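Encoded as structure tokens, the structure appears first; notes follow it.
The values are calculated or read from the model by the stated rules, or taken from the named source; none is laboratory data. This one's a predicted model, so the numbers in the text were calculated from it and none came from an experiment. FYI the Cβ positions are ideal-geometry reconstructions off the backbone, even for glycines, and counts take in every protein chain you see.
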Amino acid sequence: MNKKIGFIGCGKMASAIITGVKNSCCTKGVELMGSEVNCEIAELAQTRLQIDVITDNRALVMNSDVVFIATKPNYVPAVLEEIKDELTPEKLLVSIAAGVSTKKIENIIGAQRVVRVMPNTPALLQEGMAGVCRGAHASEEDVQFVIELLSNVGKAIEVNEDEMDIVTAISGSGPAFFYQVIEDMARAGEKLGLDYEKSLMLATQTALGSAKMVEKRGELTVQNLIDNVATKGGCTFVGVSVMKEENSEKLFYDVINETAKKAHALG
């Protein structure tokens, strides 16, 4: 982990990763640097993150072993054109730009080691979930390095490139979908007469606890967990029956499918 890691772009996701790495006891010796094209934004990022943030992307690449591309997807081609002459074979390029494939990156920079990551915003609380895939020239060691690095802000798994749009839909966009479910449950409680903040607390903590139950389920299936709560004839059974009648499975399939198609279109 004795690496110099540079971030082109210091927005929320890059900041989450930087903060997680800084706070980890497993990444001593790592040197972090960022770049922002705007001087004022660079100064603010430097103050916020307590790392050097410069305005020269090429200089950042020259002084880094690992380079994160953390810009908006539409800026990626221009940034790659700018830095490609500084990307020597020993440098690893990691992209967190949604929808931008490793092939598209390699078409611009050539035969370089590229790893693509789809993180999510709970990384801000060290509860992130990321999908990781390798480009044509990246090694297993490159992927494992990135997964280990991301373990400082949550969890990460390796997937195939052609699965990344699905990853984007489930975990990248997923937080917003869960926020919507929590909000809908809280508003339902409010409409039935419960104070909104109390209803929101009930929905939020129940979501947290339920997620932990799934995580710690052992040999149980998720359906087993549902059946353990929704005993036949009980109030939970009635509620689950309403979900089935309203075809919640199709609803969430459509949500994930449409989101994945949009992610593909971004690329």
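Restricted to segment 17-47, and to residues there that are surrounded by fewer than 14 Cβ atoms within 10 Å (Cβ to Cβ) and of a type in the set (D, E, K, R), the residue that is modelled with the lowest pLDDT is 28.
Identify the residue in segment 53-70 that is free of Cβ contacts under 8 Å to residues at least 60 places away in the same chain and either among the aromatic types (Phe, Trp, Tyr) or part of a loop (DSSP other than H, G, I, E, B) (or both) and, among all such residues, is farthest from residue 88 (Cα to Cα).
Step one: filter segment 53-70 for residues free of Cβ contacts under 8 Å to residues at least 60 places away in the same chain, giving 53-63.
Add one more test, that the residue is either among the aromatic types (Phe, Trp, Tyr) or part of a loop (DSSP other than H, G, I, E, B) (or both), and what stays is 55-56, 63.
Working: 55: 21, 56: 17, 63: 11 Å.
Here the answer is 55.
Scanning segment 136-145 for residues that are in a helix (DSSP H, G or I), closer than 17 Å to residue 101 by Cβ and more than 16 Å from the chain's Cα centre (by Cα) returns a single hit, 142.
Taking segment 1-16 as the range and being out of contact with any Pro (no Cβ under 9 Å at 6 or more places or on another chain), in a helix (DSSP H, G or I) and surrounded by 16 or more Cβ atoms within 10 Å (Cβ to Cβ) as the test, the residues that pass are 14, 15.
The helices (runs of 4 or more DSSP H) located wholly in segment 174-267 that include 2 or more residues which are within 30 Å of residue 162 (Cβ to Cβ) and either touching a Phe, Trp or Tyr at 6+ places or on another chain (Cβ under 8 Å) or small (Gly, Ala, Ser) (or both) occupy 174-191, 248-266.
Free of Cβ contacts under 8 Å to residues at least 40 places away in the same chain and surrounded by 10 or more Cβ atoms within 10 Å (Cβ to Cβ), is that true of residue 237? Yes: the conditions hold for residue 237.
Looking at (1) in the same structural domain as residue 33 (by TED's automatic domain parsing); (2) in contact with a strand residue (DSSP E or B) (Cβ under 7 Å, 6 or more places away or on another chain), which one does residue 84 not meet, given that it meets all the others? Against the list (1) in the same structural domain as residue 33 (by TED's automatic domain parsing); (2) in contact with a strand residue (DSSP E or B) (Cβ under 7 Å, 6 or more places away or on another chain), residue 84 comes up short only on (2). Could you please give the count of residues in segment 222-267 that are closer than 19 Å to residue 170 by Cα and among the β-branched types (Val, Ile, Thr)? Within segment 222-267, residues that are closer than 19 Å to residue 170 by Cα and among the β-branched types (Val, Ile, Thr) number 4.
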